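> If you scroll down you'll find the structure; I have some questions about it.
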Amino acid sequence: MPSSLHNRVVDSLGRRIAEGELAAGTVMRAESLERELGVSRSVVREAIRVLQSIGLVESVKRVGVRVLPMAEWNVFDPQLIGWRLAGSGQGAQLRSLTELRSAIEPMAAELAASVAPQDISAELMAVAARMRSIGRAGDLDAFLELDIHYHRLVLRASGNEMFAKLDEAIGAVLTGRTELGLMPTHPHEDALQLHVDVADAIQGGHPMRAREAMDLIMRRTIAEVESVWSATPRLYF
């Protein structure tokens, strides 16, 4: 099965569901999808399995494939996050992930300052220094890669395996923010310094300093992007 065909079908259906074009309760038939998308039954079947794993659809015997309500979705799945960021759900998705980060990352930084192994804290400090250099140079692609690595290291350094598993979701929102043009070409010096401050506090074993510096990063992030979601209603399940 050509992976490009498989990915195209997953992406097409996933985006339409995330966008609401295929609303909850909509029933799709495999043979109709074959004709519409111009692919084989096996490609459709494998794509549906991926969508099922994200909680977007369910297979119902003698009925077809039914689109599930948002309450059933795995909202932490990176693909789903990407689809929502690319569509009309952009504001709600960006707000939810930014608020999640604001709740988790300061705590992760505090824990890391108490328990992080020396090799991880040293790597974090090196990445923070590199971020400052690359940020000043205006290389957004390289900066994004470092930024994702930095925040993954903080989560990992916390020693909390559940925090660490949020790395893909946080990576997805950092990527989305850059792709949506919500990052300045040259990150602010204050933001660059705060990343160094967090790393320094973690390496030096200062939990409250680490937490406070990370909290400032998160508050700055909210201030920079909250205009995207200011008119977006909240979702209640």
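> For the range 144-201, what does the convex hull of the Cα positions come to per residue, in cubic angstrom? Could you put the intermediate results ahead of the total?
On the way: hull volume 4.2 nm³, N = 58.
Dividing the Cα hull volume of the range 144-201 by its residues yields 73 Å³.
> What do you get for trypsin sites (Lys or Arg not before Pro) in the range 114-176 restricted to DSSP loop and a cutoff of at most 15 other Cβ within 10 Å of the site's Cβ?
Answer by residue number: Lys165.
> Check each of the trypsin sites (Lys or Arg not before Pro) in the range 22-77 and keep only those in coil by DSSP with at most 13 other C-beta atoms within 10 angstrom; list them in order. Please report the intermediate quantities before stating the final value.
On the way: sites: Arg29, Arg35, Arg41, Arg45, Arg49, Lys61, Arg62, Arg66; in loops: Arg29, Lys61, Arg62.
Listed in order of number, the matching sites are Arg29, Lys61, Arg62.
> Run through the range 1-65 and list the GluC sites (Glu not before Pro) located in a DSSP loop whose Cβ has at most 14 other Cβ atoms within 10 Å.
On the way: sites: Glu19, Glu21, Glu31, Glu34, Glu36, Glu46, Glu58; in loops: Glu21.
Sparse-neighbourhood loop GluC sites (Glu not before Pro): Glu21.
> Further, regarding this structure: Name the long-range amide H neighbours of Met28: under 5 Å, sequence gap of 5 or more, or other chain; modelled H, no Pro or chain starts.
Hits under the 5 Å cutoff: Val65, Arg66, Val67.
> Testing the spin-label approximation: label points 7 Å from Cα along Cα→Cβ at Glu72 and Arg234. State their distance in nm.
2.6
> While we're looking at this one, here's another question. Rounded to a whole number of µm²/s, how large is the Stokes-Einstein D of the chain at 10 °C and 1.306 mPa s, given Rh as the Kirkwood radius over C-alpha pairs? Spell out each step's value before the answer.
Numbers: Rh = 19.4 Å.
Answer from the Stokes-Einstein relation: 82 µm²/s.
> Let me ask something additional. Over the chain, what is the relative contact order in percent, taking alpha-carbon pairs closer than 8 angstrom and at least six residues apart?
Values: 318 pairs, mean separation 51.6, N = 237.
With pairs under 8 Å counted, the relative contact order is 22 percent.
> Considering all projection directions equally, how large on average is the shadow of the alpha-carbon convex hull of the range 6-127, in square nanometres?
Details: hull surface 40.8 nm².
Reported value for the Cα convex hull: 10.2 nm².
> Grab the Cα-Cα distance for Ala129 and Leu100, subtract it from 0.36 nm times how many residues apart they are, and report the gain in nm with one decimal. Walk me through the numbers on the way to the answer.
On the way: separation 29, 0.36 × 29 = 10.44 nm, distance 2.57 nm.
Full extension of this stretch gives 7.9 nm more.
Every number in this text was worked out from the coordinates using simple rules, so none of it is lab data. Given the structure is predicted, the values throughout are model-derived calculations rather than measurements. Backbone-built Cβ (ideal geometry, glycine too); neighbour counts: all protein chains shown.
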